[in-house]
Amino acid sequence: MPDTLLLTGCKQLVTMAGFAPRRGRNLSEIGAVNDGAVLVQEGRIHAAGPRARVEKLAAARRARKMDLGGRVVTPGLVDAHTHLVFAASRAAEYEQRIAGAGYEQIAKAGGGILSSVRALRAASEGQLLAAARANLSRMAAHGTTTVEAKTGYGLEFDHELRTLRLLKMLAGAQPVEIVPTLLAAHVVPPEYRGRPDGADEFVDLIVRLLLPAAALERLAEFCDVFVERGAFSVAQARRIFAAARALGLAPRLHAEQLRRTGGARLAVEVEAASVDHLDFVNAADMRALARSEVACILLPGCSFHLGLARYAPARKLVDSGAIVALATDFNPGSSPTLSLPMAMSIACTQMRMTPAEALAACTINAAYSLRRHHRIGSLEPGKDADLAVFDVSEFREIPYYFGVNHCAMTFKRGRAIHDQS
Ligand SMILES: [Zn+2]
């Protein structure tokens, strides 16, 4: 008899069933069912929907039963943009920023990303693993079942590869699914600064050595570039993406975060899996994105934590038909939150997304951006039984009660990986 589990007591079951990705008005189609149930077989969803129908299917299978106690059940949350592996917090910069120092001013004084680079290079493998593992378990405790994780604090051949290998180890050592991305082109490393062609020389290293090594060991699925003044140009990114594509790594971009640099257009040109941030896109960029298959991953935790008045134009992007997703951008400098419910809350109040849109943006559309929408992101027959159970009375209360974790249980492939019920 296959291992079968019947989950009842879903006061509201958000299935997110239907097509992917969701655009425009369809982003708020979340497939909510009152008094729902889920039948899980061998880690996959056999049925999800109204309790009476699912219970009938369960009866013939002698399923184990679990009553979730009248809670709200959603697909496991998918965090499609994180910088998971880092060595230390940057709380001192947080205080400097409150006192008035700007993001770029801090970076020029040796703080910012480069301070995380120094800390990561000095940290042992054991330290990095323990910290990342603790954060993955906190993510699971907030309902997250799949996490994209970028390198980018190594900025050197051995250290970038070391981070990718750590991600591989973590993927096998704990239950949260990890999607690895090589972000060697995060900023120009200190060793290459002050040389006239330093940035191009580092791009050479990425193209000639790092990407081939990562591809050979199958350590990364995606290749990301930070397209920004002081980081990498559109032309340099184009070169990196051509090399990545040839090796089977799909592009992702950090673009239009602090000013408009043309990264969004490049994302459309190279058919990137995602383009992230987008605080400074213009109307023509939005039209191009709306016509494309590129996921626009918005990271409201970043503007919130940096105390910026400007947020990405989520409302316009959704209404224009672009594929909008949400993520935490969990990192020690600009967005030290690993809570997707918190990201949803900021998206609702600061970017005027509705709670339904925000939830679809960090489940089905986030899964789409990671090329996993056929397997995760909704509760439909055949998909992985990844679920988050919230101790609220309806899904809108997930972003509404901000600053409190309401996730009571999290399941990955049918197994409880967090349980506070
Ligand atoms: Zn980022």
| task | Go through the residues of segment 348-368 one by one and say whether even a single one is farther than 25 Å from Ala283 by Cα and outside any helix (DSSP H, G or I). | result | yes
| task | Would you mind finding the one in Glu95, Glu29 that is at pLDDT below 95, at negative phi, among the acidic types (Asp, Glu) and out of contact with any Cys (no Cβ under 8 Å at 6 or more places or on another chain)? | result | Glu95
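Each row is one residue, and each column tells you yes or no for (1) away from the ligand (no atom under 16 Å from the Cβ); (2) among the hydroxyl-bearing types (Ser, Thr, Tyr); (3) without any contact (Cβ under 8 Å) to a residue 12 or more places away in the chain.
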residue: Tyr153; (1), (2), (3): no, yes, no
residue: Gln174; (1), (2), (3): yes, no, no
residue: Glu177; (1), (2), (3): yes, no, no
residue: Thr181; (1), (2), (3): no, yes, no
residue: Ala184; (1), (2), (3): no, no, no
residue: Val207; (1), (2), (3): yes, no, no
residue: Ala213; (1), (2), (3): yes, no, no
| Since Phe304 meets every condition but one in (1) within 16 Å of the ligand (Cβ to nearest atom); (2) part of a helix (DSSP H, G or I); (3) open to solvent by less than 60 Å² (accessible area, probe 1.4 Å), which condition does it not meet? | (3)
| query | Mind checking which residues of segment 257-271 are open to solvent by less than 20 Å² (accessible area, probe 1.4 Å) and either away from the ligand (no atom under 16 Å from the Cβ) or under 15 Å from Ala235 (Cα atoms) (or both)? | reply | Gly262, Gly263, Ala264, Leu266, Ala267
| request: Grab the helices (runs of 4 or more DSSP H) fully contained in segment 101-208, keeping just those with 3 or more residues being modelled with pLDDT of 95 or more and under 30 Å from Ser421 (Cα atoms). | output: 125-141, 157-173
| note | Of the residues in segment 307-326 that are within 21 Å of Ser28 (Cβ to Cβ) and either modelled with pLDDT under 95 or not hydrophobic (A, V, I, L, M, F, W, C) (or both), the one that is most open to solvent (accessible area, probe 1.4 Å) is Lys316
| request: Name the residue, out of Leu253, Leu249, that is open to solvent by less than 20 Å² (accessible area, probe 1.4 Å), touching a residue at least 24 places away in the same chain (Cβ under 8 Å) and away from the ligand (no atom under 16 Å from the Cβ). | output: Leu249
| note | Filtering segment 42-91 for residues that are open to solvent by less than 70 Å² (accessible area, probe 1.4 Å) and either among the aliphatic types (A, V, I, L, M) or within 16 Å of the ligand (Cβ to nearest atom) (or both) leaves a count of 25
| note | Counting only helices (runs of 4 or more DSSP H) wholly inside segment 233-301, the ones holding at least 1 residues that are in contact with a strand residue (DSSP E or B) (Cβ under 7 Å, 6 or more places away or on another chain) and closer than 27 Å to Ala360 by Cβ are 263-269, 283-291
| message | Just to be sure I understand, how many residues within segment 209-230 are assigned to a loop (DSSP other than H, G, I, E, B) and either touching a Phe, Trp or Tyr at 6+ places or on another chain (Cβ under 6 Å) or over 20 Å from Ala250 (Cβ atoms) (or both)? | response | 3
| request: Please give the number of the condition Arg97 fails out of (1) open to solvent by 60 Å² or more (accessible area, probe 1.4 Å); (2) part of a helix (DSSP H, G or I); (3) touching a helix residue (DSSP H, G or I) at 6+ places or on another chain (Cβ under 9 Å). | output: (1)
| request: Among the residues of segment 40-55, write down those that are in contact (Cβ under 8 Å) with a residue 24 or more places away in the chain and either of a type in the set (Val, Ile, Thr) or closer than 22 Å to Leu359 by Cα (or both). | output: Val40, Arg44, Ile45, Ala47, Ala48, Gly49, Val54
| said: Can you tell me which condition Ala237 does not meet? The list is (1) within 16 Å of the ligand (Cβ to nearest atom); (2) open to solvent by 10 Å² or more (accessible area, probe 1.4 Å); (3) under 29 Å from Ala87 (Cβ atoms), and all the others hold. | reply: (2)
| request: Scan segment 310-339 for residues that are away from the ligand (no atom under 16 Å from the Cβ) and either under 11 Å from Met351 (Cα atoms) or assigned to a helix (DSSP H, G or I) (or both) and jot them down. | output: Arg310, Pro313, Ala314, Arg315, Lys316, Leu317, Val318, Asp319, Ser320
| message | Quick check on my filter: what residues within segment 354-372 are open to solvent by less than 10 Å² (accessible area, probe 1.4 Å), among the aliphatic types (A, V, I, L, M) and touching a helix residue (DSSP H, G or I) at 6+ places or on another chain (Cβ under 8 Å)? | response | Ala358, Leu359, Ala360, Ala361
| field | Which listed residue is at pLDDT 95 or above and farther than 30 Å from Ser292 by Cβ, from Val78, Val73, Val14 | value | Val73
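The values are calculated or read from the model by the stated rules, or taken from the named source; none is laboratory data. Worth saying up front: this structure is predicted, and the values here are computed from it rather than measured. Neighbour counts are summed over all protein chains in view; Cβ atoms, including those assigned to glycine, are modelled from backbone coordinates with ideal geometry. Each accessible area value is taken on the protein alone, full model and side chains, heavy atoms only, with ligands, DNA and RNA left out. Shrake-Rupley method; radii C 1.70, N 1.55, O 1.52, S 1.80 Å.
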